[in-house]
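Peer 1: Here's a structure for you.
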Amino acid sequence: MRWADACALLSDAGYEGVELAPFTFAERVEQLDADARAAIRATAEQYGLQIVGLHMLLWSPPGMHATHPDPVVRQATAAYLTELAQFCAEVGGRVMVFGSPKQREAIPPLTPDEAAQLWLETLQPALRVCEQEGILLLLEPLPETNVVQRLGEAVALVKQASHPNLRTMLDVKSALAETDDVPALIRQYAPFVAHVHLNDSNLRAPGYGETDFAPILNALREVGYQGWASLEPFDYSPDPETMTRESLRYLAGL
């Protein structure tokens with residue numbers, strides 16, 4: 001959809017914010033000048049939406065890899081992450097979700113633990129921008145990669161880095177791959193969780209699968225979670241507009 005049309009639909013459906021995937025606007029964010037960035041932000045604000053932040057950070061451009069054995073590749077990736085952080089700030093975002101499983105996968109001879117250490121190293125320049133701009137950079141646990149699959153692993157890296165702008169987040173689909181008791185994960189790691197993605201293990205939106213989201217929302221409420229919860233389906237059945245409206249209606253009913 002065109003950006004304005006998407007914002008209009010989200011606003012009409014009752015959403016308060018929108019999370020951006022940068023590659024849907026340009027292959028590289030440097031291609032979006034100050035006017036383009038201001039227009040992205042102004043369009044969201046026109047429809048009463050706050051731009052929450054960014055995800056799918058390294059789906060473009062080609063060749064990005066945060067843990068690559070070649071330091072030249074890592075340096076190029078670090079430089080692009082700083083560009084993303086600046087873009088995030090200029091459109092009004094406050095979180096950057098680092099999922100991008102293929103772009104952090106450990107490449108032999110590196111082990112996953114060694115790659116995780118390189119990941120932290122690659123993030124340092126972007127973290128300096130995040131600190132200046134008040135943005136949280138979030139390590140997303142993902143079972144689709146061999147580097148940081150579980151929430152506890154992400155928390156351990158956050159603790160090691162001890163950076164005020166580095167945290168983790170909860171993706172329900174990924175958490176369900178780890179445990180049937182997602183509320184327990186929330187209670188255990190609440191101080192480190194700064195963002196939430198709501199999706200079902202079947203890759204559809206809440207309300208379109210077997211997961212009962214009531215205990216998950218209740219646990220977030222119990223721990224005093226104050227951040228955003230973004231719907232992040234990968235399967236938009238039966239169609240994007242119906243899913244957009246019906247999934248939020250389901251959640252609101254809880």
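Peer 1: Would you say Val72 is surrounded by 20 or more Cβ atoms within 10 Å (Cβ to Cβ) and of a type outside the set (Phe, Trp, Tyr)?
Peer 2: For Val72, the condition - surrounded by 20 or more Cβ atoms within 10 Å (Cβ to Cβ) and of a type outside the set (Phe, Trp, Tyr) - is not met.
Peer 1: Can you confirm whether segment 198-213 contains a residue that is in a helix (DSSP H, G or I) and touching a residue at least 12 places away in the same chain (Cβ under 8 Å)?
Peer 2: The answer is no; no qualifying residue exists.
Peer 1: Under 6 Å between Cβ atoms, at least 6 apart or on separate chains: pull out the pairs that start in segment 161-180 with a residue that is among the polar types (S, T, N, Q) and end on any residue that is surrounded by fewer than 19 Cβ atoms within 10 Å (Cβ to Cβ) and part of a helix (DSSP H, G or I).
Peer 2: Close Cβ pairs (under 6 Å, with a partner that is surrounded by fewer than 19 Cβ atoms within 10 Å (Cβ to Cβ) and part of a helix (DSSP H, G or I)) amount to Asn165/Glu131.
Peer 1: How many of the residues in segment 4-37 are more than 14 Å from Pro240 (Cβ to Cβ) and part of a helix (DSSP H, G or I)?
Peer 2: Residues flagged as more than 14 Å from Pro240 (Cβ to Cβ) and part of a helix (DSSP H, G or I) within segment 4-37 amount to 11.
Peer 1: Could we say that Ala205 is within 25 Å of Thr82 (Cα to Cα), touching a Ser or Thr at 6+ places or on another chain (Cβ under 9 Å) and either small (Gly, Ala, Ser) or surrounded by fewer than 15 Cβ atoms within 10 Å (Cβ to Cβ) (or both) here? Before you say what the answer is, go through the steps one by one.
Peer 2: Working: within 25 Å of Thr82 (Cα to Cα): no; touching a Ser or Thr at 6+ places or on another chain (Cβ under 9 Å): yes; either small (Gly, Ala, Ser) or surrounded by fewer than 15 Cβ atoms within 10 Å (Cβ to Cβ) (or both): yes.
Against the criterion (within 25 Å of Thr82 (Cα to Cα), touching a Ser or Thr at 6+ places or on another chain (Cβ under 9 Å) and either small (Gly, Ala, Ser) or surrounded by fewer than 15 Cβ atoms within 10 Å (Cβ to Cβ) (or both)), Ala205 does not qualify.
Peer 1: When you look at Thr82, is it among the polar types (S, T, N, Q), crowded, with 17+ Cβ neighbours inside 10 Å and either more than 18 Å from Glu140 (Cβ to Cβ) or in contact with a His (Cβ under 9 Å, 6 or more places away or on another chain) (or both), yes or no?
Peer 2: Answer is yes for this residue.
Peer 1: Output the residues belonging to segment 22-35 that are among the hydrophobic types (A, V, I, L, M, F, W, C) and surrounded by 15 or more Cβ atoms within 10 Å (Cβ to Cβ).
Peer 2: Scanning segment 22-35 gives Phe23, Phe25, Val29, Leu32.
Peer 1: When you check Glu241 against the structure, is it part of a helix (DSSP H, G or I) and in contact (Cβ under 8 Å) with a residue 60 or more places away in the chain, yes or no? Step through it out loud before you land on a result.
Peer 2: On the way: part of a helix (DSSP H, G or I): yes; in contact (Cβ under 8 Å) with a residue 60 or more places away in the chain: yes.
Yes: the conditions hold for Glu241.
Peer 1: Can I ask one more? Among the residues that make up segment 46-59, is at least one of them in a helix (DSSP H, G or I), at pLDDT 95 or above and not aromatic (Phe, Trp, Tyr)?
Peer 2: yes
The values are calculated or read from the model by the stated rules, or taken from the named source; none is laboratory data. Here the structure is a predicted model, which is why all the values come from computation and not from measurement. Note that we place each Cβ from the backbone using ideal geometry, even for glycine, and neighbour counts take in every protein chain shown.
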